[in-house]
1. Place the peptides 259-270, 117-128 in order of packing, highest mean first, counting for every residue the other Cβ atoms within 10 Å and averaging per peptide.
2. Subtract the Cα-Cα distance of residue 80 and residue 66 from 0.36 nm times their separation in residues, and report this length gain in nm to one decimal.
3. Sort all Cα-Cα distances of the stretch 223-315 into consecutive 10 angstrom bins from zero, then give the percent of pairs in each bin up to the one containing the longest distance.
4. To the nearest 20 debye, what is the magnitude of the charge dipole of the stretch 113-251 about its Cα centre, counting +1 on the Cβ of each Lys and Arg and -1 on the Cβ of each Asp and Glu?
5. Reported to two decimal places, what Rg/Rh ratio describes the stretch 1-130 when computed on Cα atoms with Rh from the Kirkwood expression?
6. For q values of 0.08, 0.12, 0.13, 0.14 Å⁻¹, compute log₁₀ I(q)/I(0) with the Debye formula on a Cα-only model of the chain, without solvent.
7. In whole Hz and in residue order, list the ³J(HN,Hα) couplings for the stretch 139-145 that follow from phi through the Karplus curve 6.51 cos²θ - 1.76 cosθ + 1.60, θ = phi - 60°; x for Gly and Pro.
8. Can you give me the long-range amide H partners of residue 201? Hydrogens built in the peptide plane at 1.01 Å from N, cutoff under 5 Å, separation of 5 or more residues or another chain.
Amino acid sequence: MRRVIFDTDIGIDDAMALLFLHYAPGLRIEAITTVSGNASIANTTRNACYVRERFGIDARVFRGASGPIGPALGNGHPDFVHGKNGLGDIEFSTPLQEAELQSAAEAIVELAEAYPGEITVVAVGRLSNVAKALDLCPRLPDLLKEVVIMGGVFMRRGHQGNVSPVAEANMAGDPTAADQVLGSGLEVTVVGLDVTEETVMDEAFVEALRTQAGDAGSFIHDITRFYFDFYESINAERSCPIHDSSAVAYLLAPEHYHVEEGPTRVVCEGVAMGQTILGLHPERYESDAWLGRPSCRICTAVDADAVKKLYLETL
Ligand code: BDR
Ligand code: CA
């Protein structure tokens, strides 16, 4: 059985990813740790508690970082993408059970120490909590099994950033944390826009979920109304990328992804803030920014049909 911590700025696509994890066989969600991003930390934490309660997810929720640990691109929350409440502005009642008192970073360290070599962190928001956990416990790379991150863009096949020409939101939202995590020696795999934007969900896909996946399907249908409106306004089509669930798909079926490896940096300032750069040939570069940095695994191509089939079958 795999033990997972889901670190999230829960958000529409984050909620879909949480349900994917919840219904996947052979996994145990040890904790849901929240971070500011798609909505404020108060709202992402409340959303985590709500989704947990509605779907009977047996996991504790820990509130995490309310802001980045360093300079970041933009400070607001994209309510035009996820709605003011972060869940497409559907109406729901306040969850009965609140988050724990302990912080997200403390919970990550405590679980890593309790289950050395067993915990996978699926991080689908800014990396502030994981960076804080590294500060609390520098030997975290020896304790965690791996970290699968949704974030970044490596500009393959014409893909560009979604918050600047070169930067993706989770990386740009806390570049200092991201660069620290990617250089920490943690066993890192990054699932970025190069693959999430190839894995497109349309209304037919949501309709299949609505009719075949019970309450989870109805919930996904309801929260994605707002999401599809946003994507339709920018692409003139009612379809959208499957971002955060792609990190879960990688965990469940890595054979659906092509991976390249090398030391990876995140630009922490200036016009390219948040850009993720994979150094495939560190020994050839004039700059020493890549030398001595541990390798990360970067997903650069995907069998999108296989991933969508897996999602549908799992739910
Ligand atoms: C990422 O940013 C967040 O808005 C989404 O939930 C996803 O994790 C996409 O850039
Ligand atoms: Ca997210």
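Bear in mind that the values in this text are calculations on the coordinates, not laboratory data. Just so it is clear, the structure is predicted and the values come from calculations on it, not from any experiment. We place every Cβ from the backbone using ideal geometry, glycine too, and count neighbours over all the protein chains shown.
1. Numbers: 259-270: 17.5, 117-128: 25.9.
Taking the mean over residues of other Cβ atoms within 10 Å, the ranking is 117-128, 259-270.
2. Net length gain for the segment: 3.1 nm.
3. 14, 29, 32, 20, 6
4. So the magnitude is around 200 debye.
5. Reported Rg/Rh, Kirkwood definition of Rh: 0.95.
6. Each listed q corresponds, in turn, to -0.31, -0.73, -0.87, -1.02.
7. Calculated HN-Hα couplings, in order: 8, 3, x, 7, 9, 7, 6 Hz.
8. Residues meeting the amide H criterion: 240, 242.
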